Every structure is written in structure tokens, then in C-alpha cells.
Amino acid sequence: MYELLKSRRSIRKYQPREIEKEKIDIILKSALLAPSSRSIRPWEFIAVTDKEALGKLSECREHGSKHVAEAPLCIVVAADPEACDVWTEDASIAATIIQLSAQSLGLGSCWIQVRNRYGADRVKSGDIVKKILSIPDKYEIECLIAIGYPAEEKKPYEDGDLKYEKLHYNRW
């Protein structure tokens with residue numbers, strides 16, 4: 001796991017290559033295994049592979065979402081805030097599991113924050129995503145995870161890159 005974490009980097013450039021259905025299924029099943037508070041599992045996932053929909057999703061934010069249009073897969077992480085008061089944490093954990101699962105399969109990924117972000121004309125990014133994908137109003141969108149075969153190389157983190165000053169034992 002440590003080596004997987006060191007090698008996982010945000011990838012924003014993807015090869016024009018489809019992701020095999022088996023790999024998509026593994027990523028989605030992994031998301032369903034994510035831990036959640038009291039096992040409520042308030043999240044829902046939408047795997048988007050349709051190029052037109054990916055293009056529209058890439059416009060959900062003013063900055064930082066354009067690369068979704070070039071990704072062969074984007075997983076939308078939504079949650080029901082009525083189901084659980086810590087839905088943002090639960091959805092974030094699931095999104096991290098999605099990214100680590102993708103990495104373990106030789107895929108690159110990038111988290112695109114949606115919650116508390118805005119698109120053109122100050123429209124909430126989550127509302128834009130909900131409209132594009134017909135997501136019921138009661139759900140909130142935490143993020144999008146763009147996934148694909150990397151078309152860029154980023155070197156893994158080294159032990160020397162770690163900020164050891166952030167570690168504390170027994171007290172501050």
C-alpha cells in the first residue's frame with residue numbers, strides 16, 4: 001500500500017484509450033466497499049463514459065475541470081445529506097478508494113472538487129452536474145474523479161519529500 005500511495009499522482013492527461021469494463025467494475029465495487037459512518041453508505045456513484053456527457057461535465061467549474069473532457073471515464077461521487085450528517089466525509093473516503101483502486105489497475109486519476117465550487121455565472125457546480133446527469137435534487141455532489149490511462153508521467157514521491165514535521169507522537 002505504501003508504494004501505491006507514493007506512486008499515485010494527479011493525472012490530467014489521458015491516452016485516447018477506453019478502459020476495460022472489468023476494470024471499471026472493480027473500481028465501482030471497490031467504492032461500494034468504502035467505510036462509512038455507522039455503515040449508512042449515503043453515497044451513490046455514476047460512471048460516465050459518454051463523450052458528450054464528459055464534455056458537459058468538464059464545464060461544471062470555471063477552472064480545474066477541463067481535463068474531464070479528455071478522460072475516458074469520470075465517476076461522479078454523490079451523497080444523500082438526509083441519510084447521514086457526515087456525508088461529505090463518507091463521500092470523500094469513497095472517492096479516495098476510487099482513486100487508489102484506479103491506481104492499482106494501472107490507471108491515472110484526478111479529483112475535481114464540486115462541493116462548494118461554482119461554474120459560469122456563479123451557478124453551483126453541483127447543480128450543473130445534477131442537471132447534466134438527471135440526479136435527483138436531494139443529492140449533493142462531492143466530486144468528480146477523472147480516470148484514464150496516463151498520457152503523462154509523474155515521478156513517485158520519495159521518502160525525502162515527506163513533511164515529517166507534520167508527525168507528532170503522544171503530544172503536539
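The values are calculated or read from the model by the stated rules, or taken from the named source; none is laboratory data. Every value quoted in this text rests on a predicted model; they were computed, and no experiment measured them. When we count neighbours, we look across all protein chains shown, and the Cβ atoms used for this are built from the backbone with ideal geometry, even at glycine.
Which one of these does Asp80 not meet: (1) in contact with a strand residue (DSSP E or B) (Cβ under 9 Å, 6 or more places away or on another chain); (2) within 11 Å of Ala146 (Cα to Cα)?
Of the numbered conditions (1) in contact with a strand residue (DSSP E or B) (Cβ under 9 Å, 6 or more places away or on another chain); (2) within 11 Å of Ala146 (Cα to Cα), the odd one out for Asp80 is (2).
Considering Ala47, Ala83, which residue is of a type outside the set (D, E, K, R), farther than 26 Å from Met1 by Cα, out of contact with any Asp or Glu (no Cβ under 8 Å at 6 or more places or on another chain) and surrounded by fewer than 24 Cβ atoms within 10 Å (Cβ to Cβ)?
Ala83
Say whether the condition of being closer than 13 Å to Leu57 by Cα and without any contact (Cβ under 8 Å) to a residue 12 or more places away in the chain is met by at least one residue in the range 153-164.
First, pick out the residues of the range 153-164 that are closer than 13 Å to Leu57 by Cα: none.
No, every residue in the range 153-164 fails to be closer than 13 Å to Leu57 by Cα and without any contact (Cβ under 8 Å) to a residue 12 or more places away in the chain.
Within the range 11-25, can one find any residue that is charged (D, E, K, R), surrounded by 13 or more Cβ atoms within 10 Å (Cβ to Cβ), in contact with a Lys or Arg (Cβ under 7 Å, 6 or more places away or on another chain) and in a loop (DSSP other than H, G, I, E, B)?
No: the range 11-25 contains no residue that is charged (D, E, K, R), surrounded by 13 or more Cβ atoms within 10 Å (Cβ to Cβ), in contact with a Lys or Arg (Cβ under 7 Å, 6 or more places away or on another chain) and in a loop (DSSP other than H, G, I, E, B).
Does Lys130 fit the bill of being in a helix (DSSP H, G or I) and of a type in the set (Lys, Arg)?
Yes.
Answer yes if at least one residue in the range 107-129 is among the polar types (S, T, N, Q), surrounded by fewer than 17 Cβ atoms within 10 Å (Cβ to Cβ) and modelled with pLDDT of 95 or more, and no otherwise.
The answer is yes, given that some residue of the range 107-129 is among the polar types (S, T, N, Q), surrounded by fewer than 17 Cβ atoms within 10 Å (Cβ to Cβ) and modelled with pLDDT of 95 or more.
Go through the range 133-154 and report how many residues are part of a loop (DSSP other than H, G, I, E, B), over 17 Å from Leu105 (Cα atoms) and not basic (Lys, Arg).
Total satisfying the criteria: 5.
What are the residues in the range 29-44 that are in contact (Cβ under 8 Å) with a residue 60 or more places away in the chain and part of a helix (DSSP H, G or I), if any?
Matches in the range 29-44: Ser30, Ala31.
Under the condition of being surrounded by fewer than 18 Cβ atoms within 10 Å (Cβ to Cβ) and in contact (Cβ under 8 Å) with a residue 12 or more places away in the chain, which residue from the range 57-68 is farthest from Asp121 (Cα to Cα)?
Gly64
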